[in-house]
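To keep things clear, I will list the structure first and then write my remarks on it.
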Amino acid sequence: MLRFVGRQVNNIARNSIIPRNTSAVQNIRASHDEPVLSEEEFNKKYVDYLNRLNIDNWEIRQVFNQLAGMDLVPDPSIICAALKACRRLNDYALTVRILEIVKDKCGAKVKEIYPYILQEIQPTLDELGVSTLEELGYDKPELALQSVDDIH
């Protein structure tokens, strides 16, 4: 009972002190004021970043996490720079992950875009001795079962 009366007194006091028609604070979306980069400048920025000699695994993952969040498929020059950076770090698993990200970013047009990407990066893949996802068997599920209709 005492708690109920205390709460009511508190509400009455608060409502009498603070007027009801106070304006609410509005959130205004501020722009980032970053310059809009052309495609060549954008690609050069990422290629230069990935070509640094002191790059580590985390930074390569960070770059491709940023690229995966954008509405684009990375340019073959960026992919080649990333694959070479992975080779400098001897991280084959990261190269496979990069190829998976690129294939995933192709989306619904994977049959059009991904063969073009592979065609463009094939010399780099051959130079580094990296296999494609299809050569590794990662293009189909590992535990895929045979269709019931195809058994007999």
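Quick notes on this structure:
- Each Lys and Arg adds +1 at its Cβ and each Asp and Glu adds -1 at its Cβ; summed about the Cα centre, the stretch 35-124 shows a dipole of about 260 debye.
- Taking only protein heavy atoms and a 1.4 Å probe, the accessible area of the stretch 39-136 is 50% carbon and sulfur.
- Accessible surface ranking for Phe4, Phe64, 1.4 angstrom probe, highest first: Phe4, Phe64.
- Heavy-atom SASA rank of Glu135, Glu120, Glu41 (probe 1.4 Å, accessible area, largest first): Glu135, Glu41, Glu120
- Mean Cα-pair separation over length for the stretch 39-136, i.e. relative contact order, pairs under 8 Å, 6 or more apart, %: 28
- Estimated at 0.36 nm per residue, the fully extended path between Lys45 and Ile17 surpasses their Cα-Cα distance by 4.5 nm.
- Estimated inter-spin distance, Glu120 and Asn10, nm [label 7 Å along Cα→Cβ]: 6.2
- Using a Förster distance of 41 Å, the FRET efficiency for Glu112-Asn90 (Cβ separation, nearest 0.05): 0.80
- Stokes-Einstein D in µm²/s, Kirkwood radius over Cα pairs - the stretch 39-136 at 10 °C with 1.306 mPa s viscosity: 118
The values are calculated or read from the model by the stated rules, or taken from the named source; none is laboratory data. Because the structure is a prediction, the values reported are computed rather than measured. Using ideal geometry, Cβ is built from the backbone for each residue, glycine included, and neighbour counts are taken over all protein chains shown. The protein model used for the area step is the full one, side chains on, heavy atoms only, and it has no ligands, DNA or RNA in it. Shrake-Rupley method; radii C 1.70, N 1.55, O 1.52, S 1.80 Å.
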